[in-house]
Amino acid sequence: MIDVVINYFTQPWQTTILLCVVFACLSSGVLSPIVVSSRMAFFSDAVAHSTLAGVALGMLLGVGSPVTTMIAFAVIVALLIATLRQYTTLALDTLLGVAMAGSLAFGVLIYEKVRGYSDLHSYLFGSVSLLGTEDLVFLAANAVLALLMVGLFANKFLLVAVSRPLAQARGLPVARYEYLLIVVLGLVVAVGVRAVGLLLVNALLIVPAATSRNLSRSVAGMFWGSVAVALTAGLAGLFLSDWLDFAASPGIVAAAVILFLVSQLLRPLLGHHVAE
Amino acid sequence: MADEPLLQLTNVTVEAGGKALVRDVSFTLGRGEMIALIGPNGAGKTTLLRAILGMVRYRGKIAIGGRIGYVPQRLQYDRTLPMTVLEFMALTLQSSPVMFGIRRATRRRALELLEHVGATRLARSSLGGLSGGELQRVMLAGALHGAPELLLLDEPAAGVDIEGEATFLELIHRQVHERGATVVLVSHDLSVVSDITDRVICLNVDLKCEGKAKDLLTAERIAEVFGGHKAVYGHHHHH
């Protein structure tokens, strides 16, 4: 096990993978409290599913790198959901369910035509062992974007999360902030899916804050707890899956979920019962 | 300047789906005045406040000569969100993210505001664990930031027990006296507001009546405003 860990610090290609995982976990861990508090967990899921259609479309159109169409498609789907939300009486989860089913089906149909079925696996679970310098650049940019979002607007997002009408009454342009969050989430999810797969991106946007919420009574506790959970799960998942010869992405997700279960067990011990 | 009204509404109408929620309402509010806006449920009281706050489209004219502090009606919020009262106050008191720490100046200001409403001891409490009365105090403390000249309070006593209700209204009364604040207090309960307000405005889509509480509280008038439900609201015989 020690050898496995040491290799990540001595072999350059493995160091790249390690840094990619750290950046992916950092951006998700930082945004997770905002996603969970704003009840956007299902939203990021829907956007993540739409990236497949984006990639497939890029390949079909013969665009040089499918990254462009992938990000563009994710942001368009995100904005579409946000706009539809204003004009429909349907519940948000219903709307997201339709968007997710639609974009996934659409994506798989085109994907099958252009590339066959084989690559779907890497789309779902990523291919952590193949991560390279280009991924590292994208994931580092993702982390910077996530930190900037939190650094500049966290208080606003949190006020909206506490109460939309209150934020409105205090003169906050609520809709503008919601669109901003949606676009940034679209970007972060699209970049993340390409590098580490849909399952991991989704899990890391939801599980870290779900875990830290169980154990904290303050925003600060929830935030730092979420970052810690994401990074711990990322590193533990990466090292253990390498050692035990598993795929890294599901390994990281499993580690995060185990941390969540532990937090759920610890919760009553800390006396954190939900106030009714 | 002192005689200039703080709030002036001229023929304000708010419509939604072709139906008037508030119709052709005009009134003027002087500085340091405390008025009650009363009317049954669905009379357009909250809508009128939202128009004053600029949250809904309206026709007519609303002139405001100062900053507004607002305490919403019985705030519905996510009680499971881990957030202390101090952090909640800091959300609007500082621009740096609350999770990166609460600045000393923010803490001082937040405690000062909480002290105005007798809620300093709540600073470290969880926002989700507050009782109705405690939450209203915290909301009032938040609304007092920026030393607003105009306080809009939407059913501030709803969801608060009787004892808490009395102390909360005393608190508001103190704001008027000590700070010279101007207050619009929305209520569907005449008995609560008639003792402490200078003037009462009755609203049921249209403006139904306006004047001193005691002069207005005749059985006929109440029946007119509340559409015959006077038994529920008619506390005037106490006076």
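Residues of the range B:112-130 include none that is among the polar types (S, T, N, Q), touching a residue at least 12 places away in the same chain (Cβ under 8 Å) and open to solvent by 40 Å² or more (accessible area, probe 1.4 Å).
A Cβ distance below 7 Å, combined with a sequence gap of six or more or placement on separate chains, defines the contacts here; from the range B:6-24, residues that are among the small types (Gly, Ala, Ser) reach residues that are surrounded by 13 or more Cβ atoms within 10 Å (Cβ to Cβ) and not in a strand (DSSP E or B) in the pairs B:ALA20/B:VAL205. Take the conditions (1) more than 14 Å from chain A (Cβ to nearest Cβ); (2) under 22 Å from the mean Cα position of the chain (by Cα); B:ARG121 misses just one of them, which is (2). Which residues, counting only those in the range B:79-93, are touching a Leu at 6+ places or on another chain (Cβ under 9 Å) and crowded, with 19+ Cβ neighbours inside 10 Å? Scanning the range B:79-93 gives B:LEU81, B:PRO82, B:MET83, B:THR84, B:VAL85, B:LEU86, B:GLU87, B:PHE88, B:MET89, B:LEU91, B:THR92, B:LEU93. Evaluation of A:VAL98 against the conditions (1) open to solvent by 50 Å² or more (accessible area, probe 1.4 Å); (2) more than 21 Å from A:LEU200 (Cα to Cα); (3) in contact with a Ser or Thr (Cβ under 8 Å, 6 or more places away or on another chain) shows that the sole unmet condition is (3). Among the residues of the range A:268-275, not a single one is more than 14 Å from chain B (Cβ to nearest Cβ), open to solvent by less than 70 Å² (accessible area, probe 1.4 Å) and either assigned to a loop (DSSP other than H, G, I, E, B) or free of Cβ contacts under 8 Å to residues at least 40 places away in the same chain (or both).
Of all residues in the range A:217-262, exactly one satisfies the criterion of being over 18 Å from the mean Cα position of the chain (by Cα), crowded, with 21+ Cβ neighbours inside 10 Å and among the hydroxyl-bearing types (Ser, Thr, Tyr), namely A:SER241. Each residue in the range B:60-86 was checked for being more than 7 Å from chain A (Cβ to nearest Cβ) and touching a strand residue (DSSP E or B) at 6+ places or on another chain (Cβ under 9 Å), and 14 pass. In this entry, A:ALA143 passes the filter for residues that are open to solvent by less than 30 Å² (accessible area, probe 1.4 Å), in contact (Cβ under 8 Å) with a residue 60 or more places away in the chain and not acidic (Asp, Glu). Filtered by the rule that a residue be within 27 Å of B:LEU207 (Cα to Cα) and either at pLDDT 85 or above or more than 14 Å from the chain's Cα centre (by Cα) (or both), the range B:160-192 gives B:GLY180, B:THR182, B:VAL183, B:VAL184, B:LEU185, B:VAL186, B:LEU190, B:SER191. Considering (1) open to solvent by 20 Å² or more (accessible area, probe 1.4 Å); (2) in a helix (DSSP H, G or I); (3) touching a helix residue (DSSP H, G or I) at 6+ places or on another chain (Cβ under 8 Å), the lone condition that A:LEU31 does not fulfil carries the number (1). Comparison of A:ALA228, A:ALA275 shows that the only residue that is within 25 Å of A:ALA154 (Cα to Cα) and modelled with pLDDT under 85 is A:ALA275.
The lone criterion from (1) open to solvent by less than 10 Å² (accessible area, probe 1.4 Å); (2) assigned to a helix (DSSP H, G or I); (3) within 11 Å of chain A (Cβ to nearest Cβ); (4) not polar (S, T, N, Q) left unmet by B:LEU152 is number (2). For the range B:8-43, the set of residues classified as closer than 14 Å to B:GLU155 by Cα and open to solvent by less than 10 Å² (accessible area, probe 1.4 Å) consists of B:ILE35, B:ALA36, B:LEU37, B:ILE38, B:GLY39, B:ALA43, listed by residue number.
For residues that are open to solvent by 40 Å² or more (accessible area, probe 1.4 Å) and among the β-branched types (Val, Ile, Thr), scanning just the range A:73-87, find the one that is farthest from the chain's Cα centre (by Cα). The extreme case among them is A:THR83. A count restricted to the range B:57-78 and to residues that are farther than 22 Å from B:GLY118 by Cα, surrounded by fewer than 18 Cβ atoms within 10 Å (Cβ to Cβ) and out of contact with any Ser or Thr (no Cβ under 6 Å at 6 or more places or on another chain) stands at 9.
Applying the criterion of at least 1 residues that are touching a Lys or Arg at 6+ places or on another chain (Cβ under 6 Å) and more than 12 Å from every other protein chain (Cβ to nearest Cβ) to the helices (runs of 4 or more DSSP H) found wholly in the range A:133-241 leaves A:174-196. Residues considered: A:ASP93, A:ASP3, A:ASP45. Of these, the only one that is open to solvent by less than 50 Å² (accessible area, probe 1.4 Å) and part of a helix (DSSP H, G or I) is A:ASP45. Here A:THR51 does not fit the description of being out of contact with any Cys (no Cβ under 6 Å at 6 or more places or on another chain), part of a helix (DSSP H, G or I), of a type outside the set (A, V, I, L, M) and open to solvent by 30 Å² or more (accessible area, probe 1.4 Å). For the range A:146-183, the set of residues classified as surrounded by fewer than 17 Cβ atoms within 10 Å (Cβ to Cβ) and among the hydroxyl-bearing types (Ser, Thr, Tyr) consists of A:TYR179 only. Suppose we keep only residues that are within 14 Å of chain A (Cβ to nearest Cβ) and charged (D, E, K, R) within the range B:94-111. Which one would you say is most open to solvent (accessible area, probe 1.4 Å)? Among them, the one singled out is B:ARG103.
For the condition under 16 Å from A:VAL162 (Cα atoms) and of a type in the set (S, T, N, Q), B:GLN94 does not qualify.
Can you tell me which of A:GLY192, A:GLY197, A:GLY186, A:GLY126 is surrounded by 22 or more Cβ atoms within 10 Å (Cβ to Cβ), of a type in the set (Gly, Ala, Ser) and farther than 19 Å from A:ALA78 by Cα? None of the other options fit; the residue is A:GLY126.
The values are calculated or read from the model by the stated rules, or taken from the named source; none is laboratory data. Treat the numbers as computed from the prediction; the structure is a model and nothing was measured. With ideal geometry, Cβ positions are generated from the backbone for all residues, glycine too; neighbour counts draw on all protein chains shown. SASA here: full protein model, heavy atoms, side chains in, ligands and nucleic acids out. Shrake-Rupley method; radii C 1.70, N 1.55, O 1.52, S 1.80 Å.
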